[in-house]
Amino acid sequence: MTTSRPATLALRTVALGYLVALLAVPIAVILWRTFGDGVGPFLDSIRTPAAISALNLSLLILAIVVPLNVVFGLVTAIALVRWRFPGRGLMQAVVDLPFAVSPIVVGVSLIMLWGVHGWFGGLRDVGLTVIFGLPGMVIATIFVTLPFVVREVEPVLHEIGTDQELAAATLGASAWQTFWRVTLPAVRWGLTYGVVLTVARSLGEFGAVIMVSSGFPGVSQTLTLLVHSRYIDDHNTYGAYAAATLLMGLALLTLLGMAVLDRTKRSSA
C-alpha cells in the first residue's frame with residue numbers, strides 16, 4: 001500500500017501534533033514552573049528531609065524489586081517457552097494480569113490479604129507489618145512490574161530456539177552451565193529491556209503504592225507520593241513541580257540508558 005506525499009505529510013503532522021500536545025507541552029509547563037525562578041529554589045526543594053527520604057525509599061524499593069523480578073522473569077519465561085505442563089495457559093494469563101487490573105484494585109486486594117482483618121493479618125502479632133509499611137509497597141510494586149521481564153525475554157527464547165542448548169548438553173554441559181554460558185548471554189538484551197521497563201514502572205508507580213502506604217513523610221512516602229502530598233495536602237504547588245521534575249529526571253536517565261543499550265546492541269550485531 002502506497003500513500004501520496006500530501007497524505008504522508010498530513011499523517012506525520014497529526015502524529016507530531018498529538019505527541020506535542022500530549023507530551024511536550026505538559027513537560028514544558030512542569031520545567032517552566034520548576035525553573036522559572038532559577039535552579040536554587042529547585043535544589044532547596046529537593047534537599048528537604050522529606051524529599052531525600054522519598055528518593056531513598058524509591059531507590060530502596062527499586063533495589064528490591066528489580067532483582068526479584070529478574071529471577072522470577074527468567075525462570076517463568078524459560079518455563080513458558082521450553083516446557084509443556086498442565087496449567088501453562090493459566091500461568092500465561094497470570095503473567096498478563098497486571099496489564100488488565102487497575103493498580104487501585106491491586107492495592108485493595110493486598111489490604112484484604114495482608115491487612116489487620118485480612119487472611120494474613122495475624123502476621124502483625126509476630127511483629128511483621130506488611131500494609132502501610134515497606135513490605136506492602138514492595139509487594140505492590142512487584143505485582144505491577146511482574147510482566148515486563150517475562151514478556152521481553154520470552155520472544156528472544158522463541159527466536160534463538162534450542163539448538164545451542166542441545167549442543168551444549170551433548171558436549172557434557174550441565175543444566176546450570178548451559179544456562180550461564182548459552183541461554184543467559186543469548187537473552188541478555190531482552191533481559192536488559194525488561195529491567196529498564198521495570199525500573200521505569202517502579203519509579204512511577206502510584207495507584208497500588210498509595211493504597212498500601214501510610215504516606216507519612218520520612219516513613220513510607222515515595223517520590224510519587226511526595227508529589228501527591230505536596231500538591232493535594234500541603235498545597236505546595238512549587239514543591240510538587242520540583243519533586244515531579246526530579247522524578248522526570250530519573251525517568252529520562254532510564255530512557256537514556258535504554259537508548260545507549262540499544263545503540264550498543266546495534267553496533268555489536
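Each reported figure results from applying straightforward, stated rules to the coordinates on display, with no laboratory input. Note that the structure is predicted; figures quoted are calculated from it, not measured. Here the Cβ positions follow ideal geometry from the backbone for every residue, glycine too, while neighbour counts run over all protein chains shown.
Structural remarks
- Dividing the helix sum by the residues of the chain, where each DSSP H run of 4 or more adds -39500 (n - 2.57), gives a mean residue ellipticity at 222 nm of -23500 deg cm²/dmol.
- When the alpha carbon gyration tensor of region 177-269 is reduced to an equivalent ellipsoid, its three semi-axes come out at 36, 17, 7 angstrom, largest first.
- In percent, rounded to a whole number, the relative contact order of region 101-213 is 45, using alpha-carbon pairs under 8 Å and six or more apart.
- Estimated Rh, the chain: Kirkwood, alpha-carbon pairs, angstrom: 21.4
- In region 222-269, Cα pairs under 8 Å separated by at least six residues give a relative contact order of 29 percent.
- Mean Cα-pair separation over length for the chain, i.e. relative contact order, pairs under 8 Å, 6 or more apart, %: 28
- Phi angles across region 231-245 convert, under the Karplus curve 6.51 cos²θ - 1.76 cosθ + 1.60 with θ = phi - 60°, into 3J(HN,Hα) values of 7, 8, 7, 8, 6, 9, 4, 5, x, 5, 5, 5, 5, 5, 5 Hz, Gly and Pro given as x.
- Likely footprinting exposure, HIS117, HIS158, fewest C-beta neighbours within 10 Å first: HIS117, HIS158
- Packing-based order for 200-213, 100-113, using average beta carbon neighbours within 10 Å, highest first: 200-213, 100-113
- Projecting the Cα atoms of SER267, SER229, ALA173 onto the charge dipole of region 127-267 (Cβ charges, centred on the Cα centre) puts SER267 farthest toward the positive pole.
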